[in-house]
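Everything on this sheet refers to the single structure shown next.
The values are calculated or read from the model by the stated rules, or taken from the named source; none is laboratory data. Just so it is clear, the structure is predicted and the values come from calculations on it, not from any experiment. Backbone-built Cβ (ideal geometry, glycine too); neighbour counts: all protein chains shown.
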Amino acid sequence: MPRIGRDSVATATEILLNKIENYEIKSGDVVSDAEIAKELGVSRTPVREAMMLLVDNGVLERKRSKFIVSPIHLDDIIEIIEVREAIEVKVLEIILNKDRVSLEFLENISELQKKLRENIMVGNLENIFQCDHEFHQILFEAAGNKRFLDINHRINLQTQRTRWLTQLTPERFMETYNEHEQILAALKKKELAQVKDAMLLHLKKTKENYTSIFSNEKIFNMVTSLYNEM
């Protein structure tokens, strides 16, 4: 077997997250460290370390000796968005108050927005999700608050699997692009009140979209086919 190290833990973590995100392992399923270890060709030790990491981040739950994929409900999503409302508005405040709106910063966001639009046009979901993630990540990195970055990382681990639900409302992708454009325009003008309002509107619309997905009976039935628990 390969030497056990941090790379093995990171690989095991990535494999587990991918399986959960792609619904190969669903909410309520028991995760087998032996099966993952066999798949990776490593011992069970790094796999169990990866599983404990995901427990700490709310992706898995430990029940006695078993590891189970945590269910995620609409209430969970709303709580996460409420956390985002608090910290992302503060992130924008830090960026503007500390004069971190550089030309390079704005160009990076503009280029990312171009990629987002291109991928929306061709319907590349994986790249759409990645562009959306990177848009917010750029803001966190510009603020430079390590604790906010850590919170954002934890939130992303918990919500990666929910993003695929948004393919049920494809019109939301272009709405997201337009809302990002409003945030970018306000950043260019360095208008704090305007940029805060733009971010809050973006997150409000995100919350409304998830609420519609979980509330619509037809869509709800599609969702419950993906999740074992609600």
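Looking only at the stretch 101-118, residues that are surrounded by 15 or more Cβ atoms within 10 Å (Cβ to Cβ) and part of a loop (DSSP other than H, G, I, E, B) come to 1 in all. Scanning the stretch 119-134 for any residue that is under 20 Å from V91 (Cβ atoms), modelled with pLDDT of 95 or more, surrounded by 18 or more Cβ atoms within 10 Å (Cβ to Cβ) and not hydroxyl-bearing (S, T, Y) turns up at least one such residue. Among the residues of the stretch 61-97, the one identified as among the hydroxyl-bearing types (S, T, Y) and out of contact with any Gly (no Cβ under 8 Å at 6 or more places or on another chain) is S65.
Checking each residue in the stretch 135-158 for being more than 23 Å from L106 (Cβ to Cβ) and crowded, with 17+ Cβ neighbours inside 10 Å picks out I155, L157, Q158.
So which of E39, E35, E88 ends up being buried (at least 19 other Cβ atoms within 10 Å of the Cβ) and charged (D, E, K, R)? It would help to see each step written out before you state the result.
Values: E39 fails: buried (at least 19 other Cβ atoms within 10 Å of the Cβ); E35 fails: buried (at least 19 other Cβ atoms within 10 Å of the Cβ).
That would be E88, the only listed residue that is buried (at least 19 other Cβ atoms within 10 Å of the Cβ) and charged (D, E, K, R).
Taken over the stretch 65-82, the criterion of being over 23 Å from the mean Cα position of the chain (by Cα) and in a strand (DSSP E or B) is satisfied by K66 alone.
For K19, state whether it is assigned to a helix (DSSP H, G or I), touching a strand residue (DSSP E or B) at 6+ places or on another chain (Cβ under 9 Å) and either among the charged types (D, E, K, R) or without any contact (Cβ under 8 Å) to a residue 40 or more places away in the chain (or both). Give the derivation first.
On the way: assigned to a helix (DSSP H, G or I): yes; touching a strand residue (DSSP E or B) at 6+ places or on another chain (Cβ under 9 Å): yes; either among the charged types (D, E, K, R) or without any contact (Cβ under 8 Å) to a residue 40 or more places away in the chain (or both): yes.
Yes.
Within the stretch 121-133, residues that are free of Cβ contacts under 8 Å to residues at least 40 places away in the same chain and of a type in the set (D, E, K, R) have Cβ atoms under 9 Å from residues that are surrounded by 15 or more Cβ atoms within 10 Å (Cβ to Cβ) and in a helix (DSSP H, G or I) in these pairs: E126/N119, counting only partners at least 6 apart in sequence or on another chain.
Per-residue answers, yes or no, for (1) touching a strand residue (DSSP E or B) at 6+ places or on another chain (Cβ under 7 Å); (2) of a type outside the set (G, A, S):
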| residue | (1), (2) |
| --- | --- |
| S27 | yes, no |
| A34 | no, no |
| P46 | no, yes |
| L60 | yes, yes |
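Scoring D7 on the criteria (1) outside any helix (DSSP H, G or I); (2) at pLDDT below 85 leaves a single failure, condition (1). Within the stretch 23-64, being without any contact (Cβ under 8 Å) to a residue 60 or more places away in the chain, touching a Phe, Trp or Tyr at 6+ places or on another chain (Cβ under 9 Å) and not in a helix (DSSP H, G or I) holds for V30, V31, S32, L60, E61. Among residues that are in contact with a His (Cβ under 7 Å, 6 or more places away or on another chain), part of a helix (DSSP H, G or I) and modelled with pLDDT of 95 or more, E179 is included. Residues of the stretch 146-204 that are under 16 Å from I87 (Cα atoms) and charged (D, E, K, R): K146, R147, D150, R154, K196, D197, K204. Which residue pairs have Cβ atoms closer than 7 Å, lie 6 or more positions apart in sequence or on different chains, and pair a first residue in the stretch 148-161 that is at pLDDT 85 or above with a second residue that is of a type in the set (D, E, K, R) and assigned to a helix (DSSP H, G or I)? Note: pairs meeting the criteria are I155/R84.
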